[in-house]
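Read through the structure below, which is laid out as C-alpha cells, and then see the notes.
The values are calculated or read from the model by the stated rules, or taken from the named source; none is laboratory data. Note that the structure is a prediction, hence the values are computed from the model and not measured. Note that each Cβ is placed from the backbone with ideal geometry, even for glycine, and that neighbours are counted across all protein chains shown. Surface accessibility is based on the protein's heavy atoms, side chains included, excluding ligands, DNA and RNA. Shrake-Rupley method; radii C 1.70, N 1.55, O 1.52, S 1.80 Å.
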Amino acid sequence: MLLNRRNILAGAGIAGVAATLPAFAAGKAAAPGDAQTVETLGGIAEEMLATYPDGATTLGIDTGKRIALKAKLTDRSQAADMRHRDACSARLKQLSAIDRSTLSPQVALDTDVVQAAYQLAADGWKALPAGDVAILNQNYSYRSTPYIVSQGTGAFAEVPDMLESKHEIATKADADAYLARLEAYAVSLDAETARIGADAAKGVILPRFLLDITATQRSAAVAQKAEEWSLISSFAAKATKAGIAGNWGDSAAAIATGKIAPALARQGAALTGLRDKASDTPGMWSMPDAERAYAWLVEAGTTTRRTPEEVHQSGLEQVKALSAEMDGLLKAQGLTQGSVGARLAELGKRPDQLYANTDAGRAELLSYLNRVVVGIRGRMPRAFGKVVEGKLIVKRVPVSIEGGAPNAYAGAGSIDGKAPGNFYINLRDTQIWPRFALPTLVCHEGIPGHVWQGEYTYSLPLIRTLLAFNAYSEGWALYAEQIADEVGAYADDPLAHLGYLQSMNFRACRLVADTGLHHKRWTMEQAMRWFGEATGYTASQCRSELNRYCAWPGQALGYKTGHNEINRLRTKARKTRGAAFDVKAFNDLVVGVGGVPLNVLERVVDNWAAKTKA
C-alpha cells in the first residue's frame with residue numbers, strides 16, 4: 001500500500017497525476033485555474049527559500065531579488081521549527097483547497113507533488129517526539145531524524161561545506177555576506193545545543209557511542225587554530241583571488257575564534273554531559289512513542305506504507321537472490337570456499353584492488369574515479385534521448401567530518417551551471433574502497449545518478465526543484481548503476497560487474513539492517529555480524545554504515561525500495577507497449593519527471609505507456 005489515505009494523491013488529486021512530463025502538455029492551452037495556481041506554487045517556493053536560505057546558495061539563485069538570502073543561514077532554533085510546522089499546516093490547507101478540475105494536467109501534477117511533500121512533513125511533526133523534520137529543506141530533505149545533532153547532521157556537519165563549496169566570492173558584498181553567515185553559524189550551533197537539552201528532557205538522546213564521535217568532532221575543531229580551518233582559509237583565498245581589498249582572512253578568523261569555536265565547545269560539552277544519561281542501544285525503539293515515529297520515518301524514506309516487518313522480510317529475500325547470482329561470479333574468480341560475504345571480503349583484500357592509505361594513494365584513487373567519470377559520460381547517449389551536461393567534481397569528504405560522515409554522497413550543481421555538482425568520497429580509510437567497487441559508485445553518485453538526475457529538475461518549475469523524495473532520488477541512483485550495466489560499462493571487467501552486484505546486495509542489506517536495529521531491536525554486535533557476513537565489507541565500513549542508520553532511521557530503506565519500483569514499472573510499461581517499448585524513452589520519462597512519491601511515478605508511467613502503446 002502506498003502513501004496513506006490522508007494524502008491527497010490517494011483521492012481527489014488523482015486527476016493531477018494523469019500527466020507525464022511538461023513536453024506532453026506542449027501546445028495545450030492553459031486551464032482556467034493554472035495562472036493562480038502557478039502563482040501560489042511560486043509563492044510557496046519563495047517561502048521555502050526564505051525558510052531555508054542555504055538552498056538558494058546551493059542552487060546558485062541567491063542573486064537579484066533574493067540577494068539578501070546570501071547573508072543568511074537556516075534558523076535552527078526550536079522557535080523557528082515551530083514556525084515552520086505552523087506554516088506547513090497553513091500551506092497544506094491552501095493546497096487542499098485548489099480545485100484540480102480547473103487545472104491542466106501538468107499544473108495539477110505539480111500541485112499534487114507539492115501537497116504530498118507538505119502532507120508528509122506535517123505528519124512528521126506529529127510523529128517525531130524530537131529532532132528534525134527535514135522534508136521541506138532542499139539540501140537535506142532525505143534525512144529526517146529524531147536527533148537534532150549527530151555525527152553526520154547538524155550545523156557543524158552541514159554549514160562549513162556549503163559555504164566552502166557553494167558561497168561564491170566575487171564582490172565585497174559577497175565577502176560581507178560570508179562574514180554574516182559565519183556569525184549566523186555560531187548562532188546556529190547554540191540554537192542546536194539548546195534543542196539537544198530540550199530533546200534530552202523528553203527522553204531523546206543520541207546513543208552514547210554516537211555522542212562520543214560527535215563530541216570528538218567538536219573538540220578536534222576547537223583544538224585547531226581558526227585560521228587553519230578550511231572554512232576560514234578557503235574564504236581568505238577566494239577573497240584574494242577576487243581582488244577584494246581588505247583583511248578578510250583576519251576578520252573571518254576573529255569570528256571563528258571569538259564566536260564559532262566557543263559555540264562548538266559548548267555543543268561538545270552538552271553532548272558529553274549527556275553520556276551518563278545516554279544508552280548504547282543503537283535502535284530508536286526505546287525512545288518515547290518510538291513505534292509511531294519509526295513508522296513515519298519508514299514512510300518518509302520509502303513513500304510507501306509498508307510496515308517495518310514487510311521491509312525486513314523483503315530485504316532478506318533480495319539478499320538471498322543476489323547472493324546466489326554473485327556466487328557464480330566468485331567461483332569464476334577461483335573463490336569457491338566460504339560464504340558469499342566472506343569471499344567478497346577476501347577479494348576486497350587483494351593487493352591489486354587496494355590503494356595505499358596515504359595521501360599519494362588517495363590522490364591515485366581520486367584520479368581513477370575521474371577516469372571512470374569520463375568513460376561513463378561517453379556512454380550516456382546509448383541510454384537517454386535527452387543528455388544533460390552532468391557537471392561534476394569528485395572530492396574527498398572534508399577531513400574535519402570524515403570520522404562521522406557517510407562513505408559517499410553527492411549533489412547536483414547550481415541551476416545556472418556555474419557551480420558543478422559534487423561527488424564526495426570518504427577517504428579516511430582507503431581500504432574500504434577496493435577498485436572493483438568504484439565504477440558502480442561513480443554511476444550512483446555522479447553519472448547517471450544523483451548529479452545527473454539533479455540537473456533534469458532544473459527544467460521544472462522552481463518548487464519542483466526544491467522538493468525531493470528519498471525513495472525516488474535513491475531509487476533512481478541505484479537504477480543508474482543498472483543503466484551503466486546495460487550500456488556495457490562493466491562488460492570488459494568481470495570484477496566491476498561483481499562490484500555492481502555487491503552494491504545492489506548492499507542496498508538490499510540496508511532493508512534488513514535498518515529495520516533490524518529499529519524494529520527487531522538488534523544489538524550493534526548482532527548488526528555488525530549480520531551486515532559483515534552479508535556484504536563482505538570491512539568492519540570499518542560496516543560500522544560507518546550502521547552508525548548512519550542509527551542517526552538517520554529509515555533513510556537507507558529508500559534505495560532498494562525505489563529501485564525495485566522503477567524496475568516493476570519498466571516491466572509493466574514494456575508489457576503495455578509491446579514492440580513499441582523504448583528503454584531510452586522510459587529512462588527520459590523517469591529522470592525527467594523529477595522527484596515524486598512512488599505512487600505518483602506509477603501513474604505517470606502508466607499514462608505514458610497507455611498513450612504510446614502499439
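The table below gives the values:
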item: Segment Ser279-Lys126, length gained on full extension (0.36 nm per residue, minus Cα span); result: 52.6 nm
item: Calculated FRET efficiency for the pair Leu366/Val222, C-beta based, R₀ 22 Å, to 0.05; result: 0.15
item: Most to least packed among 132-144, 397-409, 306-318 [average Cβ atoms within 10 Å]; result: 132-144, 397-409, 306-318
item: Net lengthening on full extension, Lys395/Thr272 (0.36 nm per residue, minus Cα-Cα); result: 41.2 nm
item: Surface accessible to a 1.4 Å probe, Lys611 within the full protein complex, Å²; result: 120
item: Dipole in debye (nearest 20) - the stretch 371-451, about Cα centre, beta carbon charges: Lys, Arg +1; Asp, Glu -1; result: 320
item: Distance-filtered residues of the stretch 86-110 - backbone nitrogen under 20 Å, label point 7 angstrom along Glu39 Cα→Cβ; result: 91-110
item: Label-point separation in nm, Thr102 to Lys331, each point 7 Å along Cα→Cβ; result: 6.6
item: Ellipticity estimate at 222 nm from DSSP helix runs (n ≥ 4, -39,500 (n - 2.57)) divided over the chain, nearest 500; result: -19000 deg cm²/dmol
item: Counting DSSP beta bridges with both ends in the chain, the antiparallel % (nearest 5); result: 55
item: Base-10 log of normalised Debye intensity for the chain (one unit scatterer per alpha-carbon) at q = 0.05, 0.09, 0.11 Å⁻¹; result: -0.21, -0.71, -1.10
item: Sites Ser339 and Glu309, calculated FRET efficiency, Cβ-Cβ separation with R0 25 Å, nearest 0.05; result: 0.50
item: List Asp176, Asp289, ordered by accessible area with a 1.4 Å probe, largest first; result: Asp289, Asp176
item: Largest-first ellipsoid semi-axes for the stretch 230-307, taking √(5λ) over the Cα gyration tensor eigenvalues, angstrom; result: 43, 22, 8
item: Charge sum, other residues only, whose C-beta stays under 14 Å from His312's C-beta, Lys/Arg counted +1 and Asp/Glu -1; result: +2
item: Amide N of the stretch 341-377 lying under 13 Å from the label point, which is placed 7 angstrom from the Cα of Asp492 along Cα→Cβ; result: 372, 375-376
item: Accessible surface, 1.4 Å probe, highest first, among residues Trp125, Trp433; result: Trp125, Trp433
item: Accessible-area value, Asp359, 1.4 Å probe, nucleic acids and ligands omitted, Å²; result: 120
item: Residues Met82 and Ala180, FRET efficiency given R0 of 35 Å [Cβ-Cβ distance, rounded to 0.05]; result: 0.90
item: For the stretch 444-489: relative contact order, % (alpha-carbon pairs under 8 angstrom, 6 or more apart); result: 55
item: Label point distance in nm, Thr358-Ala610, each placed 7 Å from Cα along Cα→Cβ; result: 6.4
item: The stretch 37-145, relative contact order in percent, only Cα pairs under 8 angstrom and at least six apart counted; result: 25
item: Listed residues Ile447, Ile169, Ile393 arranged by accessible area, highest first, probe 1.4 Å; result: Ile393, Ile169, Ile447
item: Accessible-area value, Ser89, 1.4 Å probe, nucleic acids and ligands omitted, Å²; result: 50
